[in-house]
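Each remark here refers to the structure printed beneath this line.
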Amino acid sequence: MLKQQVPWIPLTPVEQMAQADYDVLIVGSGAGGGAALWRLITEQSPKKGMRIGMIEAGGLLLPTHARNLPTFDYQRFLRYLENPRYVEHMQWPEFPGEKIFRALGGRTLHWYLMSPRFRPEEMRSWPITYQELVPYYLAAEQIMNVTGEYANGSALQETLLHRLRFGGGFPDAQDLPMAVDLDVTQYGQLHSNVFFSSIIFLAYALHIQPFDLAVNTRVVQVVTEKGRAAGVNAVAPDGKTYTVRANTVILSASTFETPRILLNSNIPGQAIGKYLTNHPTVIASAKIDRNQFPEVLGNAAIMVPSSAERNYMFFVVGTDPLEYWWYHYEERRLLNELRLAYFGLATIEPRYENQVSLDPGNIDPYGVPQLKVRFSYTSRDEAVIRELTDSIRSSAAAMGLEFYEPPCLLPPGMDNHEAGTCRMGDDPATSATNRYGQIHGVPGLFVADNSVVSLTGAANPTLTTVALAIRTADYILAQVI
Ligand SMILES: Cc1cc2nc3c(=O)[nH]c(=O)nc-3n(C[C@H](O)[C@H](O)[C@H](O)COP(=O)(O)OP(=O)(O)OC[C@H]3O[C@@H](n4cnc5c(N)ncnc54)[C@H](O)[C@@H]3O)c2cc1C
């Protein structure tokens, strides 16, 4: 008979968590939840010793980012992640590309690590300024090891950047910021966990102070008492429901699951679930003759950022579109044609009409109504997508690339950047959370995930989500200390 495996991270069953009283309880362990946990534990006063718990719907899939595992290549890693225990393909006609991923670490176990900031002008409609966010961006970049040096010294990178900048019409083309730890071992300190995932947040926290973590446990409702957060109801793996009590609850279950929990709890707020945004994503694959480059070639990781004229940004990565990460033990094929991939992200207008709501006729096995999604692009959104596509074409011409898969718009959901359903703002009529991520009018109830971000900029959301989660954690600490 198989013995039960010992987990690689300490776990606490939810029935045991139901006996405790937490200062802070975090729901979800992805980018937002992990960042909030790390910050609360590292910044709290040592005397305070807050009791912190985390509840995660998924199981222990991987102890690190998938690309840190030597046995995965891209295809093997995709097959592994497609396991229906972890991925649910949603059936939303207007958002057909969406998959809900549930595992400890959330989607940071397999994200692409692109970590640009929003530009100050892109945050004009936000309740906080870019300057207020700068220290949090810096903290996020430091803990996530964000660097523009991934393709440093690569002849391919330098040649393509030169072609884009000089005569190509893209003078601001630059190295793509990525969350990769490129430090070498120094003084016996190892830096082998190269690609960043939320598991690193959990590790930093764990080595400072223990916290309780329940996995395979689905939070279905927030519990309130006298108008303020008092805990959550969570369903254990055996199907029993437990109430876990907490003074402060942080929902970090993602753009779709966080409003679903809030709506299922009858938390008041006209804007909860509204203003869903995504990044319409244009992809393409291109090739270039290898003989244009010197013997020692290297990789490419290029970003053309958004600007006053461009409501979009795009990335060019190579030299194999699917394998722009590569280790010394992965043999690289010698190709006559080098292959590069484009990822282009456009901004759309945040609109009330783009929204999620509960579907009372469609209840999941946990007793929670599924979501319905209403979503469409406006003619302004479509114009930006056309500009992005034209720009990708002209940049390819500037670099001497030839398409073998021309620019193509992905269905909504496949971008994985959905956001905005609990966006921050000062007006409860048009925002679900205040400038610190607290649900308007419900003390002790916070949101820290992509749903608080209004995608008014073209930058990939995760760095900004992490920066905002750190800010929310600091605000919570300032209230209790
Ligand atoms: C293939 C891919 C590539 C990507 N590349 C990039 C990139 O290069 N740059 C970038 O910025 N972003 C990228 N992203 C997006 C990035 O992964 C997300 O922006 C980020 O993970 C969102 O963080 P989050 O905290 O909102 O949600 P998640 O990371 O999805 O975490 C949510 C967590 O909540 C848990 N959960 C859900 N419901 C419940 C519940 N009811 N109870 C308890 N727990 C629950 C989930 O299991 C999960 O662990 C990519 C995503 C994918 C899939």
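Each of GLY188, ALA205, ASN354 was placed along the dipole of the chain (beta-carbon charges, centred on the mean Cα), and the one lying farthest toward the positive end is ALA205. Ordered by the number of other Cβ atoms lying within 10 Å of each residue's own Cβ, fewest first, ASP21, ASP415 fall into the sequence ASP21, ASP415. Between ARG290 and ALA20, the contour length at 0.36 nm per residue exceeds the alpha carbon distance by 91.0 nm. When DSSP beta bridges are restricted to pairs lying wholly in the stretch 14-480, around 75% turn out antiparallel. Within straight-line reach of LYS372, meaning a Cα separation under 14 Å, sit the following aspartates and glutamates at least 8 residues removed in sequence or on another chain: GLU94, GLU98, GLU257, GLU353, ASP359, ASP364.
Dividing the convex hull volume of the alpha-carbon atoms in the chain by its residue count gives 160 Å³ per residue.
Seen from LYS372, the other residues with C-beta closer than 15 Å to its C-beta sum to a net charge of -4, counting Lys and Arg as +1 and Asp and Glu as -1. I'd like the projected area of the stretch 321-411, averaged over all directions, using the convex hull of its alpha carbons. Report it in nm² with one decimal. Taking a quarter of the hull surface, the average projection is 10.7 nm². Evaluated with a Cβ-only charge set (Lys, Arg +1; Asp, Glu -1), the stretch 210-355 carries a dipole of roughly 600 debye about its Cα centre, given to the nearest 20. With the convex hull drawn over the C-alpha atoms of the stretch 264-397, the volume per residue is 188 Å³. For the chain, the 222 nm mean residue ellipticity estimated from helices alone, with every DSSP H stretch of n ≥ 4 adding -39500 (n - 2.57) and the total spread over all residues, rounds to -7000 deg cm²/dmol.
Between helix 462-480 and the chain there is an angle of about 30 degrees, using the helix long axis and the longest principal axis of the Cα atoms. With semi-axes defined as the square roots of five times the eigenvalues of the C-alpha gyration tensor, the equivalent ellipsoid of the stretch 63-213 measures 28, 23, 21 Å, largest first.
Angle of helix 379-399 to the longest C-alpha principal axis of the chain, folded into 0 to 90 degrees and rounded to 10: 40°. Cβ-Cβ distance of ARG79 and ARG393, R₀ of 35 Å, FRET efficiency by 1/(1 + (r/R0)^6): the value works out to about 0.60.
Each of VAL316, GLN19, SER431 was placed along the dipole of the stretch 14-480 (beta-carbon charges, centred on the mean Cα), and the one lying farthest toward the positive end is GLN19. Contact order, relative form, for the chain: 23 percent (alpha carbon pairs under 8 Å, 6 or more residues apart, mean separation divided by residue count).
Each of SER379 and VAL223 was given a label point 7 Å from its Cα along the Cα-to-Cβ line. The distance between the two points is 5.3 nm.
A crude spin-label estimate for the pair HIS162 and GLU405, with each label 7 Å from Cα along the Cβ direction, gives 3.0 nm. Each Lys and Arg Cβ is given +1 and each Asp and Glu Cβ -1; about its Cα centre, the chain then shows a dipole of about 840 debye. Taking 0.36 nm per residue of separation and subtracting the Cα-Cα distance, full extension of the segment from LYS99 to HIS328 would add 79.2 nm. Spread over its residues, the convex hull of the C-alpha atoms of the stretch 35-150 is 194 Å³ per residue.
Bear in mind that the values in this text are calculations on the coordinates, not laboratory data. All of these numbers come straight from a predicted model, not from anything done at the bench. All Cβ positions, glycine included, derive from the backbone under ideal geometry; neighbour counts span all protein chains shown.
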